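See below for the structure under consideration.
The values are calculated or read from the model by the stated rules, or taken from the named source; none is laboratory data. The shown structure was predicted, so the numbers you read here are calculated from the model rather than taken from an experiment. Note that we place each Cβ from the backbone using ideal geometry, even for glycine, and neighbour counts take in every protein chain shown. Quick note on the areas: whole protein, heavy atoms, side chains included, nothing else; ligands and nucleic acids left out. Shrake-Rupley method; radii C 1.70, N 1.55, O 1.52, S 1.80 Å.
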Amino acid sequence: MAHQHGAARISAAVTAAPAAAVLASLALPAVLPVAEDVRLLLALLAVLPAVATGVCLALLSRSGARAWGGCALVCALSSLVLVLT
């Protein structure tokens with residue numbers, strides 16, 4: 001089945017996916033059981049691959065709703081981790 005490139009998927013890839021990746025990399029140090037400076041370093045190293053992966057996955061999704069839903073799910077889980085820790 002061919003993908004229909006629409007504005008919803010492209011806008012999710014440009015706006016929501018990088019924001020979700022940054023939020024996820026902020027939540028990552030909160031759950032790592034290592035020293036604080038190592039947690040910061042790992043978060044900084046993980047943000048660029050996370051942004052690239054998020055953008056690619058948003059563009060490869062079947063619809064704009066799935067792209068936005070995936071980004072919203074990552075944001076919700078990351079926010080939950082940040083609030084609970």
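Worth pointing out:
- In the context of the full set of protein chains, the chain has a per residue accessible area of 65 Å² (1.4 Å probe).
- Size-normalised alpha-carbon gyration radius of region 12-85, reference 2.2 N^0.38 Å: 1.13
- Placing a pseudo-label 7 Å from each Cα along the Cα-to-Cβ vector at Leu73 and Leu26 gives an inter-label distance of 2.2 nm.
- Rounded percent of accessible protein surface that carbon and sulfur make up, the chain, 1.4 Å probe: 76
- Rounded to the nearest 500, the helix-only mean residue ellipticity at 222 nm of the chain stands at -26000 deg cm²/dmol, with each DSSP H run of n ≥ 4 adding -39,500 (n - 2.57).
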